[in-house]
Amino acid sequence: AQTVTQSQPEMSVQEAETVTLSCTYDTSESDYYLFWYKQPPSRQMILVIRQEAYKQQNATENRFSVNFQKAAKSFSLKISDSQLGDAAMYFCAYRSGGGGADGLTFGKGTHLIIQP
Amino acid sequence: DGGITQSPKYLFRKEGQNVTLSCEQNLNHDAMYWYRQDPGQGLRLIYYSQIVNDFQKGDIAEGYSVSREKKESFPLTVTSAQKNPTAFYLCASKGRGRVANVLTFGAGSRLTVL
């Protein structure tokens, strides 16, 4: 079974600074997807960014980017120019490749605090 | 707008009672999922369904039951057999195929056992 580990229960960053959230995973598969979801106080889960394992290029979405190290099984999220609205729980997630209906395996989350 | 609707948002239950959480989607998605969220535990998969009239147990299915009689609906029943049902429950759905592999979530239901 796959596992996802987020080693930072809580992170704090000054507004406008850059922060990196860590995620490692364990799998024997070669075809899979990785995701970062954001859960603000409203508790609505919002997709931040996703990465296909077969793509070497790191995914980027505006101020959010990932550092995907497949050999090391590491998938960190970098948030640049942090804003107050970035404050939330961030979850790293994994799912197997292909078109099946298998659900996501989530890490336990990192609580991100933005200090004004 | 397409999306997932969960109801009720808040629910209180006495011990020994069954309760059903509703999940409806108008995204025309084939697959639907139920997750449970506890503080410090992340999200854990309860049940999922790929098509109508078919569903599979997830990692923590004991004490829960589901049905999938319509493509749009995937209700979750928390039975009296669930020892610690107080939690936040999230429903999600996913389109078919490799490209549409992103889960879309509802706003969740908070269940409290009194």
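Residue B:22 - would you say it is surrounded by fewer than 18 Cβ atoms within 10 Å (Cβ to Cβ) and farther than 22 Å from residue A:44 by Cβ?
No: the conditions fail for residue B:22.
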Single residue of A:8, A:44 found to be farther than 28 Å from residue B:55 by Cα and either of a type outside the set (Val, Ile, Thr) or modelled with pLDDT under 95 (or both): A:8
Failed item in (1) part of a loop (DSSP other than H, G, I, E, B); (2) open to solvent by less than 10 Å² (accessible area, probe 1.4 Å), with residue A:30 passing the rest: (2)
Failed item, numbered, when residue B:16 is tested on (1) more than 25 Å from residue A:9 (Cβ to Cβ); (2) surrounded by 15 or more Cβ atoms within 10 Å (Cβ to Cβ): (2)
Of residues in the range A:50-68 being at pLDDT below 95 and not in a loop (DSSP other than H, G, I, E, B), the one surrounded by the most Cβ atoms within 10 Å (Cβ to Cβ): A:51
Residues located in the range B:85-99, provided they are surrounded by fewer than 18 Cβ atoms within 10 Å (Cβ to Cβ) and touching a residue at least 12 places away in the same chain (Cβ under 8 Å): B:86, B:88, B:95, B:96
Hits in the range B:11-64 (condition: more than 15 Å from the chain's Cα centre (by Cα) and of a type in the set (Lys, Arg)): B:13, B:14
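Restricting to the range A:72-116, name every residue that is assigned to a loop (DSSP other than H, G, I, E, B), at the interface with chain B (Cβ under 10 Å from one of its Cβ atoms), open to solvent by less than 40 Å² (accessible area, probe 1.4 Å) and at negative phi.
Hits for the range A:72-116 are A:97, A:100, A:101, A:103, A:104, A:107.
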Any chance residue B:89 is at the interface with another protein chain (Cβ under 10 Å from one of its Cβ atoms), within 23 Å of residue A:106 (Cα to Cα) and in a strand (DSSP E or B): no
The range B:3-52: number of residues that are on the phi < 0 side of the Ramachandran plot and part of a strand (DSSP E or B): 30
Identity of the residue in the range A:1-27, more than 28 Å from residue A:96 (Cβ to Cβ) and outside any loop (DSSP other than H, G, I, E, B), that ends up most open to solvent (accessible area, probe 1.4 Å): A:10
Only listed residue being farther than 21 Å from residue A:106 by Cβ, within 14 Å of chain A (Cβ to nearest Cβ) and surrounded by 13 or more Cβ atoms within 10 Å (Cβ to Cβ), chosen from B:71, B:9: B:71
Residue, farthest from residue B:85 (Cα to Cα), within the range B:55-67, restricted to residues that are open to solvent by 50 Å² or more (accessible area, probe 1.4 Å) and part of a loop (DSSP other than H, G, I, E, B): B:55
Some residue of the range B:29-52 being open to solvent by 50 Å² or more (accessible area, probe 1.4 Å), away from every other protein chain (no Cβ under 12 Å) and closer than 23 Å to residue B:113 by Cβ: no
Filtered residues of the range A:33-47 (kept if more than 9 Å from every other protein chain (Cβ to nearest Cβ) and either open to solvent by 20 Å² or more (accessible area, probe 1.4 Å) or not in a strand (DSSP E or B) (or both)): A:38, A:40, A:41
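The values are calculated or read from the model by the stated rules, or taken from the named source; none is laboratory data. Note that the structure is a prediction, hence the values are computed from the model and not measured. Please note: Cβ atoms are built from the backbone with ideal geometry, for glycine as well, and neighbour counts cover all protein chains shown. These accessible areas exclude ligands, DNA and RNA; they are computed on the full protein's heavy atoms, side chains included. Shrake-Rupley method; radii C 1.70, N 1.55, O 1.52, S 1.80 Å.
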